[in-house]
1. Can you tell me which residue in the stretch 110-151 is nearest to residue 84 (Cα to Cα), limited to those that are small (Gly, Ala, Ser) and in a helix (DSSP H, G or I)?
2. Pull out all pairs, ordered by first then second residue, where Cβ-Cβ is under 7 Å, the residues are six or more apart or on different chains, the first lies in the stretch 74-101 and is on the phi > 0 side of the Ramachandran plot, and the second is open to solvent by less than 20 Å² (accessible area, probe 1.4 Å) and at pLDDT below 95.
3. Return a yes/no flag: does the stretch 61-68 have any residue that is closer than 21 Å to residue 137 by Cβ and small (Gly, Ala, Ser).
4. Out of the residues in the stretch 41-92 that are charged (D, E, K, R) and farther than 13 Å from residue 15 by Cβ, which is most open to solvent (accessible area, probe 1.4 Å)?
5. So if I check each of 154, 158, 168, which one is part of a helix (DSSP H, G or I) and either modelled with pLDDT under 95 or within 28 Å of residue 8 (Cβ to Cβ) (or both)?
6. Would you confirm whether any residue within the stretch 36-50 is closer than 19 Å to residue 155 by Cα, assigned to a loop (DSSP other than H, G, I, E, B) and not polar (S, T, N, Q)?
7. Can you tell me which residue among 162, 97, 106 is small (Gly, Ala, Ser), within 19 Å of residue 17 (Cα to Cα) and surrounded by fewer than 17 Cβ atoms within 10 Å (Cβ to Cβ)?
8. Among the listed residues 12, 5, identify the single one that is more than 16 Å from the chain's Cα centre (by Cα) and open to solvent by 30 Å² or more (accessible area, probe 1.4 Å).
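The values are calculated or read from the model by the stated rules, or taken from the named source; none is laboratory data. This is a predicted model, so every value here is computed, not measured. Every residue, glycine among them, receives a Cβ derived from its backbone with ideal geometry; neighbour counts consider all protein chains shown. Just so you know, the surface numbers come from the protein's heavy atoms only, side chains and all, with ligands and any DNA or RNA stripped out. Shrake-Rupley method; radii C 1.70, N 1.55, O 1.52, S 1.80 Å.
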Amino acid sequence: MNDKKQINPILKLVLDIGPLVLFFAANAKFGIFAATAAFMAAALIALAVGYAMTRRIEIMTVATAVIVVIFGSLTLVLHDATFIKLKPTIIYLLFGGTLLAGLLSGRSLLGVLFDQMFQLTDEGWRKLTWRWTWFFFALAVLNEIVWRNFSTDFWVSFKLFGVVPLTFLFGAAQMPLIKKYSVDEKS
């Protein structure tokens, strides 16, 4: 039985994507430094709201918020946008590296994170984790290419209109694997 409080999926999406949307809007209106400050505040507010509603903290959300605050602070204090542009690369490498470390130690950490959403066989979790591991590494490389070769405004737009749809599409593309390795809960 699952007695943990769950957030409405639409609210969860708002908490996950909202800070990025605010970052995009603030950048368009006020520039990268104001956007960075707004992003930091929104990430912390999203973390607090999520905790207030569920009385638990998701490790990925905390890791993201900590990195946003650290790299955002460096951006603001040093007045150098390079730090906020590096933040996604660091997060993607952290997530991919964590998943890889779990796989190399014989555990699918993705299974731990998503266990409440669906049940898969060990082989299914392993395959799904490998896919997400490589996806995160690919996003890290892609972020480096975009921020180093395009304008700041293009990079900010790419984060919202490129990475978010890519992530949704990649997640949707995993549905055949999830269905194939799904565990029948009737047993």
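1. So the residue we want is 140.
2. Filtered contacts from the stretch 74-101: no entries.
3. Scanning the stretch 61-68 turns up at least one residue that is closer than 21 Å to residue 137 by Cβ and small (Gly, Ala, Ser).
4. Here is the first cut: in the stretch 41-92, the ones charged (D, E, K, R) are 55-56, 58, 80, 85, 87.
Filter again for farther than 13 Å from residue 15 by Cβ, leaving 55-56, 80, 85, 87.
Details: 55: 147, 56: 69, 80: 57, 85: 23, 87: 10 Å².
So the residue we want is 55.
5. Numbers: 154 fails: either modelled with pLDDT under 95 or within 28 Å of residue 8 (Cβ to Cβ) (or both); 158 fails: either modelled with pLDDT under 95 or within 28 Å of residue 8 (Cβ to Cβ) (or both).
Criteria check complete, one pass: 168.
6. So far as the stretch 36-50 goes, no, none of its residues is closer than 19 Å to residue 155 by Cα, assigned to a loop (DSSP other than H, G, I, E, B) and not polar (S, T, N, Q).
7. Details: 97 fails: within 19 Å of residue 17 (Cα to Cα); 106 fails: within 19 Å of residue 17 (Cα to Cα).
Just one listed residue meets the conditions, 162.
8. Only one candidate qualifies: 5.
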